[in-house]
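Data block below; observations after.
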Amino acid sequence: MSEPHVVILGAGPAGVGAAHKLTQDEKARVTVLERRSAVGGNAGSLEIGDQRVDYGSHRLHPACDPEILRDISALLGQELLERPRHGRIRLRGRWIHFPLKPVDLALRLDPGFAVGTMIDVARRVLPRREVPEDTFASVLRARLGATICDQFYFPYARKIWGLEPSALSAIQAHRRVAANSFGKLLRKILGQLPGVKPVGFRHFYYPTEGYGAISEAYAAEATRHGADIRLGATVTALEHDAANGTWRVTAEGAGQALEVVADHVWSTIPITLLARITRPAPHEGVLEAASSIRFRSMLLVYLTLGTDRFSEYDAHYFPGEEIGITRLSETKNYAALKTPVGRTTLCAELPCSPDDEWWEMEPRELGERVARGMADVGLPLSAPLEAVHVERLRFAYPIYEIGYERHFHALDEWASTLPGVLTFGRQGLFAHDNTHHALAMAYAAAACLKPGGFDQARWADYRRVFETHVVED
């Protein structure tokens, strides 16, 4: 029996991870179609001037599956560094180390915040009226109290998802907030004490050539084993040929059309987009569902400064609404780079919608607004602003609005009826995840492809595991 042809849509970690596993195990002939000019998706890297930076702040967490971590270590060798986490959060006008440290909390935490939190903890042991935990807001308020919610999680939620916490599904609290109870929060804090958790708990892994090097290494190895990775190829149509059970995938790039015939189509593109390009078209209910779930967009505003280093921190976090950005990262600090000399580039993450005024704003104006916001919270630019570059991520985070489950279920059920089609990854499963989660999905998909076809029962078991994934901060 000849190898089946698997066409993978999207070359983010899920796409290139699947290509690597399929070709390494000689399970299939693989073609990957990616609309960008480089692999990695939102977990990729790009060049700005003479510096390589990432699409936002990314780390490979120690929670990564051991098999995946071994593969990444083998692919990158000495280029994969183990680095200490060293960030900080601005909370009520004060800077607190992140990850949270007991001593730092004792010395720097705002007294009013500390007292309010202690009162909330005390109230947890008192008898209280049961309140339904049916929204993001009600789950966190019941488990963490008013102080942490009103002054930390809720302002952050409004910024990152653009909705009131009461309009978000309870699933958002379970899948996106790792410390969603006092017990979990305490374990995270105590985990910073020597001897309580292994050293790796306080560290992360990061490639010397930027986070995108992980996807690039997977892609290079897949190519070495025969995968055909086509960059600059935007998929425009997916048409099923019922007569012979194959799919004709049409893509466009560089002014040319490309057609590929596939036995299997593995999609890591947004499931909403998959519904719109598939032929025969799904019924109206599925298209309505595709219009009823949304992804939050993100502007990445890169500020290049004329200095070796802006600060000692890898990332600053801004949960408060006094500044529009949610996070500011400095790539040189992730890998302890000394080059380029005399320049560093900051990445400011600004969640928004394509309908917002920010979306089409000129880079220089965006940069100046970000700089003013930083100055307003006591973090002024310490060197001349030499250049501003902007990247627009249309599909950054899934938004779990109340009732989204019904719409996603309709899309998911429809996709499951398409013979030979599999959807996975953050955008394919409308899931909050880290890179190691996306790679776990890729490895699972490859494990399910057998000589006799795709093992749907085993994939269903993996899907239940995916539902337990919680984002690592």
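The values are calculated or read from the model by the stated rules, or taken from the named source; none is laboratory data. Not measured: the values here are computed from a predicted model. Here Cβ is always computed from backbone atoms with ideal geometry, including for glycine, and neighbour counts include all displayed protein chains. Remember, those area values only see protein heavy atoms, side chains included, never the ligands or the DNA or RNA. Shrake-Rupley method; radii C 1.70, N 1.55, O 1.52, S 1.80 Å.
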Carbon and sulfur %, accessible surface of the chain computed with the full protein complex present, 1.4 Å
52
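Let me know the shape class of the chain, please: from the alpha-carbon gyration tensor, a ≥ b ≥ c as square roots of the eigenvalues, rounded when a/c is under 1.5, otherwise prolate if a/b is greater than b/c, or oblate.
Cα axes put the chain in the prolate bin.
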Over the chain, with neighbouring protein chains present, the accessible area per residue in Å² at probe 1.4 Å is 43
Under the Kirkwood approximation for Rh and a Cα-based Rg, what ratio Rg/Rh is obtained for segment 25-127?
1.15
Which one of Leu366, Ile89, Ile271 has its Cα pushed farthest toward the positive end of the charge dipole of the chain, where Lys and Arg give +1 and Asp and Glu give -1 at the Cβ?
Ile89
Farthest toward the dipole's positive end in the chain, which of His58, Ala43, Phe424, given Cβ charges of +1 (Lys, Arg) and -1 (Asp, Glu) about the Cα centre?
His58
Pair Arg124, Ser291: separation of 7 Å Cα→Cβ label points (nm)
4.5
If you only keep lysine pairs separated by 8 or more in sequence, or across chains, how many in the chain come under 28 Å at the Cα atoms?
15
Could you grab the relative contact order for the chain? Cα pairs under 8 Å, six or more apart, rounded to a whole percent.
23
Cα gyration tensor shape of segment 245-298, rounded if a/c is under 1.5, else prolate or oblate by comparing a/b with b/c
oblate
Expected field for Arg392, accessible surface area in Å² at 1.4 Å probe radius, rounded to 10, holds 90
In terms of modelled amide H atoms, which long-range or inter-chain residues lie less than 5 Å from the amide H of Ala237?
Thr250
Return the FRET efficiency for the residue pair Arg276, Ser37: r is the Cβ-Cβ distance, R0 is 22 Å, and the value is rounded to the nearest 0.05.
0.40
Tell me, in nm to one decimal, what length is gained between Glu209 and Glu47 on full extension, where the rule is 0.36 nm per residue of separation less the Cα-Cα distance?
57.2 nm
Check: segment 358-420 dipole with +1 on Lys, Arg Cβ and -1 on Asp, Glu Cβ, in debye
80
How big is the dipole moment of segment 403-469 about its Cα centre under a simple scheme where the beta carbon of each Lys and Arg is +1, that of each Asp and Glu is -1, and everything else is neutral? Debye, nearest 20, please.
120
Using a 1.4 angstrom probe on the protein heavy atoms only, could you order Tyr156, Tyr317 from most to least accessible area?
Tyr156, Tyr317
Amide H to amide H, which residues 5 or more places from Leu91 or on other chains are under 5 Å from it, using H placed in the peptide plane?
Ile96
Ordering Leu231, Leu107, Leu76 by accessible area with a probe of 1.4 Å, largest first, what comes out?
Leu107, Leu231, Leu76
Area of Arg294 that stays accessible when all protein chains are in place (1.4 Å probe, Å², to 10)
110
Just need log10 I(q)/I(0) for segment 304-463 at q = 0.13, 0.15 Å⁻¹, Debye formula, equal scatterers on the alpha-carbon atoms, no solvent, rounded to two decimals.
-0.81, -0.93
Projecting the Cα atoms of Phe136, Pro111, Ala122 onto the charge dipole of segment 88-174, where Lys and Arg contribute +1 and Asp and Glu -1 at Cβ, the residue farthest towards the positive end is Pro111
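Calculate, in nm to one decimal, what Arg92 and Val341 gain on full extension: separation in residues at 0.36 nm each, minus their alpha carbon distance.
Here the answer is 86.1 nm.
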Qualifying GluC sites (Glu not before Pro) in segment 1-69, DSSP loop, other Cβ atoms within 10 Å at most 14:
Glu26
Calculate the dipole size of the chain relative to its Cα centre from +1 charges on Lys and Arg beta carbons and -1 charges on Asp and Glu beta carbons; express the result in debye to the nearest 20.
1580
Collect residues whose amide H, placed 1.01 Å from N in the peptide plane, falls under 5 Å from the amide H of Leu81; neighbours closer than 5 in sequence don't count.
Tyr206, Thr208
Helix-only CD estimate at 222 nm, as mean residue ellipticity for the chain, using -39500 (n - 2.57) per DSSP H run (n ≥ 4)
-10500 deg cm²/dmol
Under a plain spin-label model, where a point goes 7 Å from the Cα along Cα-to-Cβ, how far apart in nm are Ala74 and Ala237?
4.2
How would His264, His283 line up by accessible area, probe 1.4 Å, largest first?
His283, His264
